[in-house]
Every structure is written in structure tokens, then in C-alpha cells.
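Asker: One structure follows; several queries about it will come next.
Computed from the coordinates by the stated procedures, all read-outs in this text should not be read as laboratory data. Bear in mind the structure is a predicted one, so any value in this text is a computation, not a measurement. Heads up, the Cβs are rebuilt from the backbone with ideal geometry, glycines too, and the neighbour counts pull from every protein chain shown.
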Amino acid sequence: MNTWNIFGHDWAVEMLQQHVAHNTLRHAYLLTGPSGVGRRTLAIRLAQALNCQTPKAPGVPCQACRTCKQFEAGQNIDLMVIQAEAEGGTLKVEQVREVTKFLSLRPYSSPYKIVIFLRFQEANPNAQNALLKTLEEAPSHALLLLTADNAEQLLPTIISRCEILRLRPLSVDAVTDFLAARGVEPGKARLLGHLSGGRPGFALRLSADEKALAFRTEKLDDLRALLAARRRERFTYAEKLSKDKDIFRQTLFIWLSYWRDVLMKASGAALEPTNIDRADEIGNLSYDIDRPQARAITEGVEKALDRLDKNVNARLLAEVMLMDWPMVK
């Protein structure tokens, strides 16, 4: 664990700590990486480092003082956290205009007015363009912290005005050890280490969310049942699945992980599957579905995810995808 009490990303912590300690802070940072890798935590720690009342060392927040606790909870008067209303939604231009008003005022009790944009890849083009003027002419007391899955999702003009920190997933073993150190049962820690894809924040959330794990089990059981199901049963399931787009999207992510494991196994790869609790099942299925079929199914789920975000007819999308799956007893 580093001086900011963040698991992993030591290089990013060291760089930002030095920026704070030597007063060489940039006016805008873009923190990229998959959800759950630690983007938000790093942004909050930077805000704490700048405002801590009793720092342990230059650029090292105590995380215990009143100000640190306010920033941890996102409740400091000089902090604004902006995001789309729901994951997969749209961050709108009106929200960016509120940020402009917020930054036009002097800080109340802190050296900086800090704005954290979560999942900024969800900002529509108008919202991104609205932020450009602020990025170009930011007040000296403004600090903007943007998080996104990757920089390429944003306008080049946004990227060019930010210092970019690319956060990478950690190893499965590292995340497994991280969970075990927090009291997670070893077998569960190993499973979550794989399911997290090296994202400690996501793994930690999963460890405390039994409903999410039960949902995963239910949807993987559904997948296996659908492979043996007739057309009428698949149509019925597609109708049910399409009624809630958020559940549909979550289901597709679970299925995509499973089908990638089948594709990997069908291709002869010796790596452990992500869904290690289904290893035998995945191995058996790879004998019934060859590599071209597994690839086509995997690509079909990927396309369904992409099209769902483009607001196509959800029921038709589900029907087409499920009808393309082979029948496997």
C-alpha cells in the first residue's frame, strides 16, 4: 500500500503527490482505465492531499481530519461531483454549465474549487464542447478531474488540454490477495479476483454484494438453459429480458465474459477462465461448440451491447442474438 492508501497505481500516486508537494499542479487531469480500477479513489485522494488540515507529509493526506472526511464523502462545499444520472446514461450540457457557474465563485474554505467528472465518456458532444472554454480559460483556483474508460472516447480537444494518467488493471493474484487481506474467504477471493479483471474497486464491491453474485449465477444458469431451449422458449425469454434495458445490459456483460471463456478454451488456450467456478462446464461446452461458432457468438454479444447503447429495438435485438445461438443439449 502506498502513501495515499490506494492499492496499486504507485507511480500515479507518486507523481500526483509530487505535483502537490512542489506546487506544480496542472489545471486538469484525465484519469483513464476500466470502471473499478481506482479512478475515482485517486481523484478523491488528490483532492484530500490539496486540502488536508493535518497532512502526514507534503502531499500526503491524513484521511482522518474533518476536511478529508468531507472530501471522501463528496460533501465539501468546494467540491462538485458530476456524472450522468445512471451508468450508461448521458452527461448533459446543462450539467457542464452548472460547473461553469460553480467555478466562477472563489473557494469558500479550500485553496481550490474542485470538480470531478465521473465516466466523462458519457458526456454528449455538446457537453464536451461546453467544457472546452473552461479547460482553456480555467480560473487559477480551479482543478478539473475527469475519469473515463479510455481517452479515445473523448474529443481530441478535451484530451489535449488534460494531463493523462492511464490506470491499468492489476494482476488476478494481486486482487485476490487484496481481498483475502480484507477477510474475504479464500475461494471467494480467488473467484472475485478473476471476475474483477484486475479491478480492485470492482472486486471489493462484488465481495459485499451478494445480490450481484446471485444475479450472475442466475444469468449463467439461464444461458445454459437457453442453449437447450427451443425457439418458442427463446422468444419468450427475449421478450422478458428486453423489458429492462439496465438488466439486459448487465446480462450481456455476464454472458460476454462466459462466451469469451468458451472461445478461449475452444481455441486451445491453457489460461484459466475468468469464470473459474464454471471451468468444467466451459470445458465441456468447448467440445460441442467449435472455435468459429464461439467467435461468432462472442461477437454477436459484443454487437448487442453496442447496439443496445444506440437505442435500437431491445426485444428484436435479444431475439436475433438468441436465435443465432446453436442448440446444445
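Asker: Rounded to the nearest 20 Debye, what is the dipole magnitude of the chain about its Cα centre when Lys and Arg each give +1 and Asp and Glu each give -1 at the C-beta? Spell out each step's value before the answer.
Answerer: On the way: 44 positive and 39 negative charges, 100 e Å.
That gives the chain a dipole magnitude of about 480 debye.
Asker: Using only the Cα atoms, what convex hull volume per residue in Å³ does the chain have?
Answerer: Details: hull volume 46.9 nm³, N = 329.
Once divided by residue count, the hull of the chain is 142 Å³.
Asker: Under the definition of Cα pairs under 8 Å and six or more residues apart, what whole-number percent is the relative contact order of region 158-270?
Answerer: Details: 61 pairs, mean separation 20.0, N = 113.
Relative contact order of region 158-270: 18 percent.
Asker: With the crude spin-label approximation of a point 7 Å out along Cα→Cβ, what separation in nm comes out for Asp177 versus Ile159?
Answerer: Here the answer is 3.4 nm between the modelled labels.
Asker: Here's something else I'd like to know. Kindly express, to the nearest 10 degrees and within the range 0 to 90, the angle between helix 314-323's C-alpha long axis and the longest C-alpha principal axis of the chain.
Answerer: 40 degrees
Asker: Please list, in chain and number order, the residues 5+ apart from Asn124 or on another chain whose amide H is under 5 Å from its amide H, with Hs placed from the backbone.
Answerer: Leu91
Asker: Can you give me the long-range amide H partners of Ala142? Hydrogens built in the peptide plane at 1.01 Å from N, cutoff under 5 Å, separation of 5 or more residues or another chain.
Answerer: It is Lys113, by chain and number.
Asker: Okay, moving on. Taking square-rooted eigenvalues a ≥ b ≥ c of the alpha carbon gyration tensor, is region 196-290 rounded, prolate or oblate, where a/c under 1.5 means rounded and, failing that, a/b exceeding b/c means prolate?
Answerer: Values: a/c = 2.19, a/b = 1.04, b/c = 2.10.
It comes out oblate by the Cα gyration axes.
Asker: Hey, how many Å between the Cα centroid of region 54-107 and the Cα centroid of region 274-329?
Answerer: Value for the Cα centre distance between the two parts: 40 Å.
Asker: Now a separate question. So for the pair Glu218, Lys303, with labels modelled 7 Å out along Cα→Cβ, what separation do we get in nm?
Answerer: 2.9 nm
Asker: Could I ask something else about it? Please compute the volume of the convex hull spanned by the alpha-carbon atoms of region 37-101 and report it per residue in Å³. If you can, show how the numbers build up before the last one.
Answerer: Numbers: hull volume 6.7 nm³, N = 65.
Hull volume normalised by residue count: 103 Å³.
Asker: Report, in degrees rounded to the nearest 10, the 0 to 90 angle that the Cα long axis of helix 125-136 makes with the longest principal axis of the chain.
Answerer: Helix 125-136 and the main axis of the chain meet at about 30 degrees.
Asker: Report the local net charge at Val175: Lys and Arg +1, Asp and Glu -1, summed over other residues whose C-beta lies under 14 Å from its C-beta. Intermediate results must be reported in sequence, preceding the final value.
Answerer: Working: positive: Arg168, Arg182, Lys188, Arg190, Arg199, Arg205; negative: Asp173, Asp177, Glu272.
That sum, taken over residues with Cβ under 14 Å, equals +3.
Asker: How would Ile158, Ile276 line up from fewest to most surrounding beta-carbon atoms within 10 angstrom? Walk me through the numbers before you get to the answer.
Answerer: Numbers: Ile158 21, Ile276 16.
Neighbour counts put them in this order, fewest first: Ile276, Ile158.
Asker: Follow-up question, since we're still on this one. Once you have the Cα-Cα distance between Lys240 and Leu132, take 0.36 nm times their residue separation minus that, and quote the gain in nm to one decimal.
Answerer: Working: separation 108, 0.36 × 108 = 38.88 nm, distance 4.25 nm.
Gain on stretching Lys240 to Leu132: 34.6 nm.
Asker: DSSP loop (so not H, G, I, E, B), at most 11 other Cβ within 10 Å: list which trypsin sites (Lys or Arg not before Pro) in region 218-279 pass both filters. Walk me through the intermediate numbers first.
Answerer: On the way: sites: Lys219, Arg224, Arg230, Arg231, Arg232, Arg234, Lys240, Lys243, Lys245, Arg249, Arg260, Lys265, Arg278; in loops: Arg230, Lys243.
Taking region 218-279 and a limit of 11 other Cβ atoms within 10 Å, the loop trypsin sites (Lys or Arg not before Pro) found are Arg230, Lys243.
Asker: Say each of Ser104 and Gln18 gets a label point 7 Å from the Cα, pointing the same way as Cα to Cβ; how far apart are those two points in nm?
Answerer: Between Ser104 and Gln18, the simple spin-label model gives 3.9 nm.
Asker: Another question, if that's okay. For Glu272, Glu210, what ranking results if the residue with the fewest other Cβ atoms within 10 Å of its Cβ goes first? Let's see the in-between values first.
Answerer: Values: Glu272 13, Glu210 9.
By the 10 Å Cβ count, ascending, the order reads Glu210, Glu272.
Asker: Related question: Please state the relative contact order of the chain as a whole percent: Cα pairs under 8 Å, 6+ residues apart?
Answerer: Details: 471 pairs, mean separation 52.9, N = 329.
16 percent.
Asker: Measure nothing fancy, just the Cα-based angle from helix 186-195's long axis to the longest principal axis of the chain, in degrees from 0 to 90, nearest 10.
Answerer: 90 degrees
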